[in-house]
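Asks: Sharing a structure with you now.
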Amino acid sequence: MKPAHLLLVIPCYNEEAILHYTYSTLKAYYADIKQQGLITPDSKICFVNDGSRDRTWEIIEELSLKDADIIGVKLSRNFGHQSAILAGLEHHIDHFDCFVTIDADLQDDINAITAMIQRYQEGAMVVYGVRDDRSSDSWFKRSTAEGFYKVMQKMGVPVVFNHADFRLMDRRILQELGHFREVNLFLRGIIPMIGFKSNKVFYKRLERTAGETKYPLSKMLLFAWNGITSFTNFPMRLVLYFGVLNFMLAMAIVTYIVVAYLVGETIPGWTSTILPITFFSGFNMIALSLIGEYIGKIYEEVKARPRYIIEKVVNE
Ligand code: UDP
Ligand code: MG
């Protein structure tokens, strides 16, 4: 098999505690797969600093100056995980044949990259890394994360179950990805939408060896919400169903009032007037806020702001 000309892209946000470990682990692994003839000798590793506030960039710069295999990309501020990945990929689109993205903490087993490259050599354009064993995650992390994929799938977002951003992509996939001009980038949903031949590789998710998660619950919820509203208007449809139900209820109430009037009973008093008003105005609020959410999204997209800005690249 022809060796793959590979670029490994690693987004880094405040990862000073683990970067040296990540570097030496990947370096040893690269030496290994180069020797096996799996990747070309000029395959490289790219660390993208996503506006870290600690010494992450200094470490990356230092590594790239002493090691020709390391490329450092520095974003001008924190743009977020997804944009950091995209910056590393798009900036090198013309220089490599295939790309693997992996988190800086190496919680995703790097040995799975070997299998990814093999699937790639067999013709897959995208290879998804799938966590089939999350026993190292806390019960909470596991159930919220798995719930997230299930809910997404139920709503019609084409995510691969238990696949995060550990994947191999052919250059062609990146070219097509470039045509998705949306600002709210949710790679896990977009990549499956691009199509082409794909495959999966299974691995066991490991524990973070140093540093702490950059995805606390609040950020995870925001990420999930962003993914949902970027891909489906299911929540809006839910409000529509609710509205229809409400309308039917209102009709029943009206019928009751009319009948009560015809029969000559006393007209229902204050409670029955104020209750529906409160109820329906509350409902209107929910509906409006949801509409506002989508208008906000449209606003973002119309502005078409750049998703990231590279400040500098060392050791290109
Ligand atoms: N990350 C990033 N920008 C951010 C937040 C996170 O580049 O704003 C990177 C982080 O350095 C790591 C990856 O995204 O390489 C995933 O983060 P983390 O491991 O903390 O998430 P978890 O595995 O806990 O979900
Ligand atoms: Mg992690």
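Asks: May I ask for the net charge around His163, where only other residues with Cβ less than 9 Å from the Cβ of His163 are counted and Lys, Arg are +1 while Asp, Glu are -1?
Replies: Net of charged neighbours comes to +3.
Asks: Please identify, among Ile45, Ile298, Ile173, the residue showing maximal mean-square fluctuation in a Gaussian network model of the chain using a 10 angstrom Cα cutoff.
Replies: Ile298
Asks: Measure off, as a whole percent, the carbon and sulfur share of the 1.4 Å-probe accessible area of the chain, all protein chains present.
Replies: Of the solvent-accessible surface of the chain, carbon and sulfur hold 62 percent.
Asks: Choose one of Gly292, Val254, Tyr215: the residue whose Cα lies farthest towards the positive end of the charge dipole of the chain (beta-carbon charges +1 Lys, Arg; -1 Asp, Glu; about the Cα centre).
Replies: Going by the charge dipole, the pick is Val254.
Asks: Also: When only the heavy atoms of the protein chains count and the probe is 1.4 Å, how do Trp57, Trp225, Trp139 rank by accessible area, highest first?
Replies: Trp139, Trp225, Trp57
Asks: Please give the helix 270-303 orientation as an angle from the longest Cα principal axis of the chain, in degrees from 0 to 90, rounded to the nearest 10.
Replies: Between the helix axis and the principal axis of the chain, the angle is about 30 degrees.
Asks: Using the Kirkwood radius over Cα pairs, work out the Stokes-Einstein diffusion coefficient for segment 1-44 at 37 °C and 0.692 mPa s, in µm²/s as a whole number.
Replies: For these conditions, the coefficient is 287 µm²/s.
Asks: OK, next. Putting +1 on Lys and Arg Cβ atoms and -1 on Asp and Glu Cβ atoms, find which of Met236, Asn226, Ile194 reaches farthest to the positive end of the dipole of segment 168-316.
Replies: In segment 168-316, that residue is Ile194.
Asks: Starting from 0.36 nm per residue, how many nanometres of slack lie between His179 and Gln121 once their C-alpha separation is accounted for?
Replies: 18.3 nm
Asks: Identify the residues of segment 120-150 with backbone N under 13 Å of a label point that sits 7 angstrom from the Cα of Phe202 along the Cα-to-Cβ direction, or state none.
Replies: 130-134
Asks: So, one more: Cα axis of helix 217-231 to longest principal axis of the chain: angle in degrees, 0 to 90, nearest 10?
Replies: 80
Asks: Oh, and also: Leu65 to Ser24: FRET efficiency via 1/(1 + (r/R0)^6), r the Cβ-Cβ distance, R0 22 Å, to the nearest 0.05?
Replies: FRET efficiency, Leu65 to Ser24: 0.85.
Asks: Along segment 167-179, what does the Karplus equation 6.51 cos²θ - 1.76 cosθ + 1.60 (θ = phi - 60°) give for ³J(HN,Hα), rounded to whole Hz, x for Gly and Pro?
Replies: 7, 9, 9, 6, 4, 4, 4, 5, 4, 5, 4, x, 7
Asks: If you place +1 on the Cβ of every Lys and Arg, -1 on the Cβ of every Asp and Glu, and leave all else neutral, what size is the dipole of segment 127-204 about its Cα centre, to the nearest 20 Debye?
Replies: 80
Asks: What value, in deg cm²/dmol to 500, does the helix sum -39500 (n - 2.57) over DSSP H runs of n ≥ 4 give at 222 nm once divided by the residues of the chain?
Replies: After summing the helix terms and dividing by residue count, I get -16500 deg cm²/dmol.
Asks: Using Cα atoms only, what is the angle between the long axis of helix 112-121 and the major principal axis of the chain, expressed in degrees (0 to 90) to the nearest 10?
Replies: Its long axis makes an angle of about 90 degrees.
Asks: Checking a compactness column here: for segment 124-227, what do you get for Rg(Cα) / (2.2 N^0.38 Å), N being the number of residues?
Replies: With N residues counted in segment 124-227, Rg over 2.2 N^0.38 Å equals 1.11.
Asks: Now for a different question. Under the 0.36 nm per residue contour assumption, what length would be gained going from the current alpha-carbon distance of Thr209 and Phe247 to full extension?
Replies: 8.2 nm
Asks: Using alpha carbon centroids, what distance separates segment 222-251 and segment 71-145, in Å?
Replies: For segment 222-251 versus segment 71-145, the Cα centre distance is 33 Å.
Asks: How much of the calculated P(r) for the chain lies past 28 Å, in percent of all Cα pairs?
Replies: Of the Cα pairs, 48 percent sit more than 28 Å apart.
Asks: Calculate the FRET efficiency for Asn78 and Thr144 from the Cβ-Cβ distance with a Förster distance of 30 Å, rounded to the nearest 0.05.
Replies: The formula returns an efficiency of 0.80 here.
Asks: Let me ask you something else. Once the piece of chain linking Val151 and Asp94 is laid out straight, how much longer is it, given 0.36 nm per residue of separation minus the C-alpha distance between them?
Replies: The Val151-Asp94 span can extend by a further 16.9 nm.
Asks: I've got another one for you. Around Met193, under 12 Å between beta carbons, what's the net of Lys plus Arg minus Asp minus Glu among the other residues?
Replies: In short, -1.
Asks: While we're on this one: About the Cα centre, and with charges only on the beta carbon of Lys, Arg (+1) and Asp, Glu (-1), how big is the dipole of the chain? Nearest 20 debye, please.
Replies: Dipole magnitude for the chain comes out near 580 debye.
Asks: Could you order peptides 176-183, 165-172, 89-96 by the average number of other Cβ atoms within 10 Å of their residues, highest first?
Replies: Per-residue mean Cβ counts within 10 Å order the peptides as 165-172, 89-96, 176-183.
Asks: I've got another one for you. Once you list every other residue whose beta carbon is under 9 Å from the beta carbon of Ala87, what net charge do they have if Lys and Arg are +1 and Asp and Glu are -1?
Replies: Residues near Ala87 contribute -1 overall.
Asks: Let me ask you something else. Any idea what the dipole of segment 186-239 comes to, in debye rounded to 20, about its Cα centre with Lys/Arg Cβ at +1 and Asp/Glu Cβ at -1?
Replies: 180
Asks: Also: With θ taken as phi - 60° and the coefficients 6.51, -1.76 and 1.60, list the Karplus ³J(HN,Hα) couplings across segment 91-96 in order, rounded to whole Hz; mark glycine and proline as x.
Replies: Karplus-based 3J(HN,Hα) across segment 91-96 equals 5, 10, 4, 8, 9, 9 Hz.
The values are calculated or read from the model by the stated rules, or taken from the named source; none is laboratory data. Note that the structure is predicted; figures quoted are calculated from it, not measured. Quick reminder, even Gly has a Cβ in these numbers, built from the backbone with ideal geometry, and neighbours come from all protein chains shown. Heads up: the accessible areas ignore ligands, DNA and RNA and are worked out on the full protein's heavy atoms, side chains in. Shrake-Rupley method; radii C 1.70, N 1.55, O 1.52, S 1.80 Å.
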